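Data block below; observations after.
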Amino acid sequence: MNNSFDFFEIEMIHRIAVVTINREAKSNAFNEGCWEELGEVFDELDNREDVRVVLLCAKGKNFSAGMDLSTLMAIPSRWENGDEAVKRKSIQAFIRKIQDCISSIENCSKPVIASVQGACIGGALSIVTACDFCFASEDAYFSIKEAQLGIVPDIGVLQRMPNFVPSGKLAELSYTARNFDANEAMEIALVNQVFPNREECFAHSKSIAERIEANSPLVIQGIKKMLLYKRDHSVEESLDYVSLWNASYLLSNDLVEAMTAYMEKRKAQF
């Protein structure tokens, strides 16, 4: 496992990769290097056979303040000279790069659980929506902050939150840029469960990761693939896709072990 990252720490707990955002002095705000490392981390975890589940958390008081304001404020001056079309193409490429870094979480074949405390603002919320699900502590609060910063949210929150948040609610949160707490986040299905403090939140997240890790990795990865496929396709298309998937993977050693362990009333070993 590559542990040479500047902004992330990775710890293996059995076959669970605990990824910790480590920019506490800046409330874990993301500068350009941090965004790039996010993509590198999840590309690496996707390819690691010894990783079955990823738990994403953060050091310090806050999960993340989102985009580092110094990075945001530097955008106009970064491309102030030169051909207008070239400048606009460069800005779009910059946005697409950050989008791709966040999409690496969703594209990771392993389930990704977010454990959130404190602030989860702007781009950090886009990160959370790319995870498979999220738990939060009572002190957590969220905000689609971009309207207050003079930009249209462009790195995933408006594209992913409609999959589980009602359109009117998402519009209100986006237009007002107001903070909403962990309990409201749970009411709109952004958060699965709320815990009294970050320690209990992390402990529960880890226990869920352990339950997932104990199941067949082929099956878990297949379920994630099916859930994402169904999001973008019809029921009939999804049924066809899962039939092709299981035609390829159903006759695996994991199936034999799962059935044998069930009949023998023991824990399966995958």
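The values are calculated or read from the model by the stated rules, or taken from the named source; none is laboratory data. Keep in mind it's a predicted model, so treat the numbers as computed, not measured. Reconstructed Cβ throughout: ideal geometry from the backbone, glycine too, with neighbour counts over all protein chains shown.
Observations, loosely collected:
- Test for residue 70: is it closer than 25 Å to residue 206 by Cα, among the hydroxyl-bearing types (Ser, Thr, Tyr) and assigned to a helix (DSSP H, G or I): no
- Tally of residues being touching a residue at least 12 places away in the same chain (Cβ under 8 Å), in a loop (DSSP other than H, G, I, E, B) and not charged (D, E, K, R) across segment 1-18: 5
- Considering segment 19-49, the residues that are part of a strand (DSSP E or B) and without any contact (Cβ under 8 Å) to a residue 60 or more places away in the chain include one that is surrounded by the fewest Cβ atoms within 10 Å (Cβ to Cβ), namely 20.
- Scanning segment 109-153 for residues that are charged (D, E, K, R) and closer than 21 Å to residue 228 by Cβ returns 110, 132.
- Pairs where the first residue, in segment 246-270, is outside any loop (DSSP other than H, G, I, E, B) and the second is polar (S, T, N, Q) and exposed (fewer than 14 other Cβ atoms within 10 Å of the Cβ), C-beta under 9 Å, 6+ apart: 257/269; 261/269
- Test: residue in segment 35-44 that is in contact with a Ser or Thr (Cβ under 6 Å, 6 or more places away or on another chain), small (Gly, Ala, Ser) and under 30 Å from residue 214 (Cβ atoms): yes
Residues are listed down the side, and each one gets a yes or a no for (1) outside the structural domain of residue 113 (by TED's automatic domain parsing); (2) within 23 Å of residue 45 (Cα to Cα); (3) of a type in the set (Gly, Ala, Ser):
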site	(1), (2), (3)
229	yes, yes, no
234	yes, no, yes
239	yes, no, no
244	yes, no, no
251	yes, no, no
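- Counting only helices (runs of 4 or more DSSP H) that sit wholly inside segment 84-186, those with at least 3 residues that are at pLDDT 95 or above are 84-107, 123-130, 157-160, 167-176.
- Any hit, segment 189-204, residues being under 27 Å from residue 91 (Cβ atoms) and among the aliphatic types (A, V, I, L, M): no
- Of everything in segment 222-257 that is surrounded by 14 or more Cβ atoms within 10 Å (Cβ to Cβ) and acidic (Asp, Glu), the residue that is nearest to residue 104 (Cα to Cα) is 254.
- Criterion violated by residue 54 - all others in (1) closer than 20 Å to residue 155 by Cβ; (2) part of a helix (DSSP H, G or I) satisfied: (2)
- Per-region count, segment 177-205, residues among the basic types (Lys, Arg) and either surrounded by 18 or more Cβ atoms within 10 Å (Cβ to Cβ) or free of Cβ contacts under 8 Å to residues at least 12 places away in the same chain (or both): 1
- Failed condition for residue 238, given (1) modelled with pLDDT of 95 or more; (2) within 21 Å of the chain's Cα centre (by Cα): (2)
- Any chance residue 77 is polar (S, T, N, Q) and under 21 Å from residue 160 (Cα atoms): no
- Residue count for segment 199-214 under the criterion of being under 12 Å from residue 111 (Cα atoms) and either touching a Lys or Arg at 6+ places or on another chain (Cβ under 9 Å) or among the aliphatic types (A, V, I, L, M) (or both): the result is 4.
- Leading residue by the ranking (farthest from residue 103 (Cα to Cα)) among those in segment 50-83 that are β-branched (Val, Ile, Thr) and either at pLDDT 90 or above or buried (at least 22 other Cβ atoms within 10 Å of the Cβ) (or both): 51
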